[in-house]
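Structure, as structure tokens:
Taken together, the values in this text are just the output of simple stated rules run on the coordinates, not laboratory data. Bear in mind that the values here come from a model prediction, so they are computed numbers and not experimental data. FYI the Cβ positions are ideal-geometry reconstructions off the backbone, even for glycines, and counts take in every protein chain you see.
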Amino acid sequence: MSALQVADLFENMTGDSASETLGNYLSDAANRTDQRLPSIVYTRLRIGSAYAMWPEYSDVTDANALQRTIHENFVGMSERLVQLSNAARTIFPGMRALTEPESANLRGYYKKVFRKA
Amino acid sequence: MLEQDFVSFLPTYAKPFAKQLQELPLNYEKWVYAAALPSKIYQGDLFSGVRFASIDDDGEAIVADVPAMVLSNTCDVQPEQSESLLVAPLIDLEDYSAQSVLAGEELENHIRALKRNEISQLMFLPEAHGVKNCFVDFSRISPLPLSYFYSNTAANRFQSLSSCGHYVMMVKVAHHFTRPESPDAARA
């Protein structure tokens, strides 16, 4: 699911704008801590009939932050990781972590395989 | 899940393999490996005699020479492309079972889950094309200098993954590192 789809889903479910809700959350946090939080908020931007995610910088003091953020790669990488992780859960529905006895078993195996350097 | 939803998760190169992925673990051994070893080294390639260094519970340096899978991106493992590459150990399932302290039903359940690739940190690889039943452990990833690798290990490659096998590796690695934290995880 892309960031745009997530934003759509959020807005359909809550009736609120995803970017405004996030902005309000950051504002609340600033009020509670008495300190504004540096943030980069991606908001939906309409370009003709298409939409894209656009970064808005708030209280970011680093003048070169824009140059150091690779927006498309960042969003693309996140989406790709989420897609891969979702695919893993779909392909292997019973996916789980090792149980403690299984972990101990694997640790014991490595103790036999590794030797002092 | 509807088949169309499942296919939508897959990248273009893996869409033709949707049926195989949905049928897992059936016929896994028939498509997970490459038809032939490619000329250059690829992410997911398997090597014997790979040197691992680690630290034991007492803080002492320990080493092992075991088979391994290359996890670094294909671009990064070409000669002189980077300083080091990442490898994960490959454990022979027969040897692992023989040395297991788990027994009976507990061991059977463990091996069954492992073979079905249901354990997030482990990737099971089936017996076929010269590979014995084995698994990769993503929790024991280790760096290796690229120059050392090419001088001592690169010639020991014994198998490579197919495109679909590589996709299975990618989803397992991604899931291992991005799975949700426990709700109990206490963060400041």
Calculate the FRET efficiency for A:Ala117 and B:Arg179 from the Cβ-Cβ distance with a Förster distance of 45 Å, rounded to the nearest 0.05.
0.90
Positive minus negative residues near B:Lys172 (Lys, Arg vs Asp, Glu; Cβ under 14 Å)
+3
Residue-count net charge about B:Pro38 - beta-carbon cut-off 13 Å; Lys, Arg +1, Asp, Glu -1:
+1
Most mobile of B:Asp137, B:Asp45, B:Asp95 in a GNM of chain B (Cα contacts under 10 Å)
B:Asp95
Label-point separation, B:Asp56 to A:Gln35 (7 Å along Cα→Cβ), nm
4.5 nm
Dipole magnitude (debye, nearest 20) for the range B:3-178, charges at Cβ of Lys, Arg, Asp, Glu
780 debye
Are any of the pairs B:Lys40/B:Lys172; A:Lys112/B:Lys115; B:Lys19/B:Lys40 more than 26 Å apart by Cα-Cα distance, and if so, which?
B:Lys19/B:Lys40
B:Ala128 versus A:Arg107, label points 7 Å from Cα toward the beta carbon: distance in nm?
3.5 nm
Qualifying aspartates and glutamates (Cα of each under 13 Å from Cα of A:Lys116; at least 8 residues distant if same chain)
B:Asp56, B:Asp57, B:Asp58, B:Glu60, B:Asp65
Would you mind calculating the relative contact order of the range B:88-188 from Cα pairs under 8 angstrom and at least 6 residues apart, reporting the percent as a whole number?
29 percent
Order by protection proxy (mean Cβ within 10 Å, highest first), peptides B:85-92, B:160-167
B:85-92, B:160-167
Given R₀ = 45 Å, FRET efficiency for A:Arg96-B:Gln78 by Cβ-Cβ distance, to 0.05?
0.80
Modelled FRET efficiency - R0 25 Å, B:Ser8 with B:Ser163, Cβ distances, 0.05 increments:
0.85
Starting from the Cα-Cα distance between B:Asn27 and B:Leu107, subtract it from 0.36 nm times their residue separation and give me the gain in nm to one decimal.
26.4 nm
